[in-house]
Amino acid sequence: GYLGVPYLFGGDTAQGFGCSGLTGAVYRLNGLRLPRSSRAQFEAGSPVDLDQARAGDLVFFATGGGNRVSHVGLYLGQGTFIHAPRSGQTIRQGDLADPYFRKTFLGARTYL
């Protein structure tokens with residue numbers, strides 16, 4: 001239901017979301033609390049191999065290079081995820097097969 005909502009740095013409401021605000025809001029709607037930042041969400045989750053990831057797990061990226069977490073999305077299954085990309089864009093579906101996401105992917109985490 002959040003597809004098309006605008007990106008808003010630090011946002012965590014339906015008026016606008018940052019990446020970790022989006023994942024936190026989805027988890028809150030399902031009765032779970034996540035830490036605020038993508039890095040803290042990464043550290044709080046249990047690692048899961050991508051081929052074992054389930055819809056609702058989170059996928060993490062190092063969009064600034066290296067291996068420092070800077071972006072998170074909500075895994076949908078079959079290599080797809082929903083995320084809040086960046087300023088000027090809206091919440092959309094991404095594909096882990098995309099070369100950019102393949103290059104920056106750090107791993108998946110589960111919280112259940």
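Given charges of +1 on the Cβ of Lys and Arg and -1 on the Cβ of Asp and Glu, with all other atoms neutral, how large is the dipole of the chain about its Cα centre, in debye to the nearest 20? Before the final figure, lay out each step's value.
On the way: 11 positive and 7 negative charges, 53 e Å.
I would put it at about 260 debye.
Keeping the other protein chains in place, figure out the carbon and sulfur percent of the accessible area of the chain, with a 1.4 Å probe. Each step should come with its number before you reach the end.
Working: 3130 of 6180 Å².
The computed percentage sits at 51.
Sorted by mean Cβ packing within 10 Å, highest first, what order do the peptides 79-87, 26-34 take? Show your work: numbers first, answer last.
Values: 79-87: 18.0, 26-34: 12.7.
By packing density, highest mean first, the sequence is 79-87, 26-34.
Largest first and in whole Å, give the semi-axes of the chain's equivalent ellipsoid, each being the square root of 5 times a Cα gyration tensor eigenvalue.
On the way: eigenvalues 68, 52, 36 Å².
Computed over the chain, the values are 18, 16, 13 Å.
Whole percent per 10 Å bin, from 0 to the bin with the longest distance: what is P(r) over all C-alpha pairs of segment 48-98?
Result returned by the calculation: 26, 54, 19, 1.
Using a 1.4 angstrom probe, figure out how much accessible area the chain has per residue, in square angstrom, rounded to the nearest whole.
On the way: 6180 Å² over 112 residues.
On a per-residue basis, the chain sits at 55 Å².
How much net charge surrounds A44 when only the other residues with a Cβ under 15 Å from the Cβ of A44 are counted, with Lys and Arg +1 and Asp and Glu -1?
Values: positive: R28, R33, R36, R39, R109; negative: E43, D57.
Taking every other residue near A44 into account, the sum is +3.
The values are calculated or read from the model by the stated rules, or taken from the named source; none is laboratory data. Just so you know, these numbers come straight off a predicted model, no measurement behind them. All Cβ positions, glycine included, derive from the backbone under ideal geometry; neighbour counts span all protein chains shown. These accessible areas exclude ligands, DNA and RNA; they are computed on the full protein's heavy atoms, side chains included. Shrake-Rupley method; radii C 1.70, N 1.55, O 1.52, S 1.80 Å.
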